[in-house]
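Written out below as structure tokens is the structure these notes cover.
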Amino acid sequence: MKFHHSITISRTRKMEGEETDNISSLPEALLLNILSSLPFKEAAKTCILSKKWLKMWQSTNTVKNNQLECKDVEAYGAVEVPQRKAFKNFIKIWITLHKRHHLHDKFTLRVSPPSNCGDIVGAYVNFAVEDGVKDLELDFAESQLEDEHPEENIHDAVEFPRSLYENKKLQQKLESLKLHSCSFAPGNFANFVALKDVTLARIPLELESIRTLLSTCEWMESLSLKNCWDIESFDIEKLELKKLVIDRCIFRMDYIGFEAPNLKVFKYCGSEPPLSEVKVVAGTIEEADLDLSPMDEFDECGNELQNFLQDFFVVNVLTVCSVILQVIPSGDEPVKLPGDLRVRHLKMKIQMHPQEFCGFLWFLNSCPSLTKVTIDLDRCNILSEYEAPYVVDLKDRKSLPVPTCFRSSLREVEMNGFIGTSSQLYACSYFIRAASILTKLSICFLNNKNDDPHTVELRRILESQLLRIPKASSDLAIIIR
């Protein structure tokens, strides 16, 4: 796998035969910010541009090194190839050049797979963060590994460099730590007083390790678990976190239980809804993002999903995926949740496929306090073996319900990725005809280039169609982009 980056220097002609370099005239602090956003090898290439750029790349406070750029994909899993030797040499050169200049902001290293590089990688990391950094990311995961089977790593996790646990400057500075396929000792982070954000990915993880990490790092505000496995469950008596992400992890028992009085953001992605006992605080919890898109085929787990959703009934912003819309009506409450959701802003990542229609109405009916609906249209996971609990026909407006929010609170609807399918048009018509206090309907085409003739024609046709629809709200403005 190779990533290609290019650097373009903008030049303007001052006089006949004379050019000026606009980028080089920018303040040095701004140029360093630009260099810090590039992979380190690309930043190094800027030394050939001019004398001013010769050593500037050595002064960046951010380093992103990706050994994937140096790897021969066809030799994947085989013996070491020349590119890996070149990678080692590059590291040695970098250390030599930076003996008098250490990083302060960010260090990122990706090596996949890390075999035969352990010695030099360890020296590299130790040297790079000698004076401490704010953001450290070490990624040793298999680059070709699928998210659905993270446990199939063909190599053991690399151990977090032991010397870093005792690095006094790192203990004082480190704010964000991201470890991919990198094992660690959770009890050794007790002195990392600035550490607020931790991401653990693609490693086997025990529940006790999570508990130890949370109790050891008292100042931690955000924890993300991504593609981890062998976790017994997520059973934490009390969480002090402000943000929790559980993304495609494999639990021995699908159970999530915690009390989190400070939690503001919760994100969950999995192939099925977990059994849950979650306590969050109204007025504190702001956003929940629930994603079941990894589900393989339709499963009548509507009751479990409704119970899981009920745990977050006080959130202000709720994001749901297409699979949730397909599954949610299969529970005992196929039309709406008896205990209303207090959601103010509902975000739906859907396709407006017929299999989503029941769930589409379910959420509108279950959220009587909605002020805004955002519909992000895209191709979605449409489940096989789907069974609709009842028939919904969006073009039959007489049979469609009028949710409470349409009459009392819904002010804005936003549709992104619009391509003009009949179901998308019927959804627009539904809001226009039935939402009596709606003030804004925004429709953004998938290809929204103003000068594209096809898009211009689609906008014209859509506008003429929507203008013929009777408006339930006299204050409604329809914006097409």
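The values are calculated or read from the model by the stated rules, or taken from the named source; none is laboratory data. Note that the structure is predicted; figures quoted are calculated from it, not measured. Because the Cβ atoms are built from the backbone with ideal geometry, glycine has one as well, and the counts that use them run over all protein chains shown. For accessibility, only protein heavy atoms count, side chains too; no ligands or nucleic acids. Shrake-Rupley method; radii C 1.70, N 1.55, O 1.52, S 1.80 Å.
Below are the figures for this structure:
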{"quantity": "Checking residue 298 against (1) over 21 Å from residue 221 (Cα atoms); (2) modelled with pLDDT of 95 or more, the condition it does not meet", "calculated": "(2)"}
{"quantity": "Options 156, 139; residue that is at pLDDT below 80 and acidic (Asp, Glu)", "calculated": "156"}
{"quantity": "Residue in the stretch 252-263 that is over 19 Å from residue 346 (Cα atoms), in a strand (DSSP E or B) and open to solvent by 20 Å² or more (accessible area, probe 1.4 Å) present", "calculated": "yes"}
{"quantity": "Test: residue 398 is touching a Ser or Thr at 6+ places or on another chain (Cβ under 9 Å), open to solvent by 50 Å² or more (accessible area, probe 1.4 Å) and modelled with pLDDT under 90", "calculated": "no"}
{"quantity": "Residue identified as under 29 Å from residue 437 (Cα atoms) and either in contact with a His (Cβ under 8 Å, 6 or more places away or on another chain) or in a strand (DSSP E or B) (or both) among 290, 341", "calculated": "290"}
{"quantity": "Hits in the stretch 310-336 (condition: over 18 Å from residue 289 (Cα atoms) and surrounded by fewer than 19 Cβ atoms within 10 Å (Cβ to Cβ))", "calculated": "332, 333, 334, 335"}
{"quantity": "Lone qualifier among 205, 170, 179, 214 - being touching a Cys at 6+ places or on another chain (Cβ under 9 Å), farther than 21 Å from residue 289 by Cα and of a type outside the set (Asp, Glu)", "calculated": "205"}
{"quantity": "Every pair of residues 6+ apart whose Cβ atoms lie under 6 Å, when the first sits in the stretch 388-412 and is touching a residue at least 24 places away in the same chain (Cβ under 8 Å) while the second is assigned to a helix (DSSP H, G or I) and loosely packed, with under 13 Cβ neighbours inside 10 Å", "calculated": "none"}
{"quantity": "Among residues of the stretch 355-379, those that are of a type in the set (D, E, K, R), more than 13 Å from residue 344 (Cβ to Cβ) and not in a helix (DSSP H, G or I), counted", "calculated": "3"}
{"quantity": "Residue check, residue 402 touching a helix residue (DSSP H, G or I) at 6+ places or on another chain (Cβ under 8 Å), within 19 Å of residue 359 (Cα to Cα) and not in a loop (DSSP other than H, G, I, E, B)", "calculated": "no"}
{"quantity": "Residue check, residue 272 within 28 Å of residue 361 (Cα to Cα), in a loop (DSSP other than H, G, I, E, B), among the acidic types (Asp, Glu) and in contact with a Leu (Cβ under 6 Å, 6 or more places away or on another chain)", "calculated": "no"}
{"quantity": "Candidates 314, 327, filtered to the one that is within 27 Å of residue 400 (Cβ to Cβ), of a type in the set (Val, Ile, Thr) and in contact (Cβ under 8 Å) with a residue 12 or more places away in the chain", "calculated": "327"}
{"quantity": "Unique residue being in a helix (DSSP H, G or I) and of a type in the set (Phe, Trp, Tyr) when the list is 386, 430, 390", "calculated": "430"}
{"quantity": "Among (1) within 27 Å of residue 296 (Cα to Cα); (2) crowded, with 19+ Cβ neighbours inside 10 Å; (3) touching a Ser or Thr at 6+ places or on another chain (Cβ under 7 Å); (4) not small (Gly, Ala, Ser) - the single one residue 341 does not satisfy", "calculated": "(1)"}
{"quantity": "Sole exception among (1) over 24 Å from residue 319 (Cβ atoms); (2) assigned to a loop (DSSP other than H, G, I, E, B) for residue 410, by number", "calculated": "(1)"}
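Listed here are the residues, each with its yes/no results for (1) closer than 20 Å to residue 392 by Cβ; (2) in contact (Cβ under 8 Å) with a residue 12 or more places away in the chain; (3) within 24 Å of the chain's Cα centre (by Cα).
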site	(1), (2), (3)
270	no, yes, yes
275	no, yes, yes
278	no, yes, yes
293	no, yes, yes
298	yes, yes, no
305	yes, yes, yes
323	yes, yes, yes
337	yes, yes, no
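Residue-by-condition table, conditions (1) modelled with pLDDT under 95; (2) surrounded by 17 or more Cβ atoms within 10 Å (Cβ to Cβ):
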residue: 385; (1), (2): yes, no
residue: 404; (1), (2): no, yes
residue: 419; (1), (2): yes, no
residue: 431; (1), (2): no, yes
residue: 436; (1), (2): no, no
residue: 446; (1), (2): yes, no
residue: 454; (1), (2): yes, no
residue: 459; (1), (2): yes, yes
residue: 462; (1), (2): yes, yes
